[in-house]
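Asker: Dropping a structure here in structure tokens format, bear with me for questions.
Where a number appears in this text, it was derived from the coordinates with a stated rule and is not lab data. None of these values were measured; they are calculated from a predicted model. Virtual Cβ from ideal backbone geometry, glycine too; neighbours counted across all protein chains shown.
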């Protein structure tokens, strides 16, 4: 399984228009070709962004689906007039990650993007694998993935919270108890985060 993470930077105040057009296009049958994993827009961090994640069996299946949706005229939505930049990356899921799909565990989602030195990702996966069972007792893990195509040595993890207050409580509690961050893992070179809200049509709410 691979996950394509697509990040679009939009013109200020155009997110509602973008989501309206995209939702309408999805209703025309895009998901008959492959299922959407999740679709969000940013609330904190880099603003005017939408992030969508598509699962595929492999790169060949991705190419097949994308070619067929374009040929059949069901995708993509017509949003080029309000899109400033598009970025696509391919990620592999960590062994302990559940498949993306329909879940109601938000509505606050935090995406954290860590960049590590070359060769460090296997050690990250190992450290997380030892600690994740205790961490998910505090809040659900949505995704934990490492990049293969695009920006390399990246580790994305997404967490769901019922509110901003719960996010603060969970982060304080996991640090105080020593549950998180995982012990023994490598130190990232760079850390970023985004607070995201699911689009109305996202399977993850």
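Asker: I'd like the Kirkwood hydrodynamic radius of the chain, using the inverse of the mean 1/r over distinct C-alpha pairs, in Å.
Answerer: Taking the inverse mean of 1/r over all distinct Cα pairs, the chain comes out at 17.8 Å.
Asker: Quick check on the exposure proxy: order 162, 202, 147, 177 from fewest to most C-beta atoms within 10 angstrom.
Answerer: Fewest-to-most Cβ neighbours within 10 Å comes out as 177, 162, 147, 202.
Asker: Which whole-number percent gives the relative contact order of segment 2-198, counting Cα pairs below 8 Å spaced six or more residues apart?
Answerer: 28
Asker: Quick one: check the C-alpha center-to-center distance for segment 183-204 versus segment 120-157, whole angstrom.
Answerer: 10
Asker: Just to be sure I understand the model, the point goes 7 Å from the Cα along the line to the Cβ. What's the resulting residue 63 to residue 47 distance in nm?
Answerer: Between residue 63 and residue 47, the label points sit 4.1 nm apart.
Asker: In nm, what is the difference between 0.36 nm times the number of residues separating residue 33 and residue 193 and their Cα-Cα distance?
Answerer: Contour length minus Cα-Cα distance gives 54.5 nm.
Asker: Then there's this: Tell me what the chain gives for mean residue ellipticity at 222 nm when only DSSP H runs of n ≥ 4 count, each as -39,500 (n - 2.57), the sum divided by the residue total, rounded to 500 deg cm²/dmol.
Answerer: About -8500 deg cm²/dmol.
Asker: Follow-up. Which of rounded, prolate or oblate describes segment 1-66 when judged by the alpha-carbon gyration tensor and an a/c cut-off of 1.5?
Answerer: oblate
Asker: What's the angle, to the nearest 10 degrees (0 to 90), between helix 121-135's Cα axis and the longest principal axis of the chain?
Answerer: So the inclination is approximately 80 degrees.
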